[in-house]
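Some notes on the structure that comes next.
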Amino acid sequence: AATSKFQECEFVWSAFTVQLENHMEIEEQELFSKFAQSGGAGAAATVQALLEEHAAICKQLESMESDLRYHLKQHDEVQSLLALLRAHEQHEQETLYPWFAAQKGASTASALSGGASTPLKGVVRWRN
């Protein structure tokens, strides 16, 4: 029974990481360079900070995936990842997404976020 729980967890984890990595890849390939070029004063520095946040998120995901393989408990790591995601989401909401919505219109910004009010809705809202 415990094995099936871990298999289920691995399945959910895999789906989560694929979606999150795809989200970050779209931002990096489609938005960041455009924002850096036309986002106004401080846009290049904002993009650099967002890229560093993406790198930190990826590093945390890799660490957690290793722990998951060995069935290690990782409550603190989950809380740390959620804090990273929440802070990153807030940073994007304050910088990137208002610019994007102004450039493309609210319907396109909503499409990028999957129609959610925030791009990671449901992910960063988890509670213990």
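The values are calculated or read from the model by the stated rules, or taken from the named source; none is laboratory data. Predicted model only: the values in this text are computed from it and were never measured. No Cβ is skipped: glycine too gets one built from the backbone with ideal geometry, and neighbour counts run over all protein chains shown. We work out accessible area using only protein heavy atoms, side chains counted, and drop any ligands, DNA or RNA first. Shrake-Rupley method; radii C 1.70, N 1.55, O 1.52, S 1.80 Å.
What's the extension gain from Gln90 to Ala45 if we count 0.36 nm per residue and subtract their Cα-Cα distance?
Length difference between fully extended and current span is 14.6 nm.
How much solvent-accessible surface does Ser4 expose, in Å² to the nearest 10, with a 1.4 Å probe and all protein chains in place?
So the heavy atoms of Ser4 present about 60 Å² to solvent.
Tell me the label-point distance for the pair Gln29, Trp13, using the 7 Å Cα-to-Cβ offset, in nm and rounded to one decimal.
Label-label distance for Gln29 and Trp13, simple model: 2.6 nm.
Using 7 Å Cα-to-Cβ label points, what is the Ala36/Glu52 separation (nm, one decimal)?
Going from the Ala36 label point to the Glu52 one covers 1.4 nm.
So which chymotrypsin sites (Phe, Trp or Tyr not before Pro) in region 1-72 are both in a DSSP loop and have at most 10 other Cβ atoms within 10 Å of their Cβ?
Filter output for region 1-72: Tyr70.
State, to one decimal in nm, how far the label point of Lys5 lies from the label point of Ser80, with both points 7 Å from Cα in the Cβ direction.
Result for the modelled spin labels: 2.3 nm.
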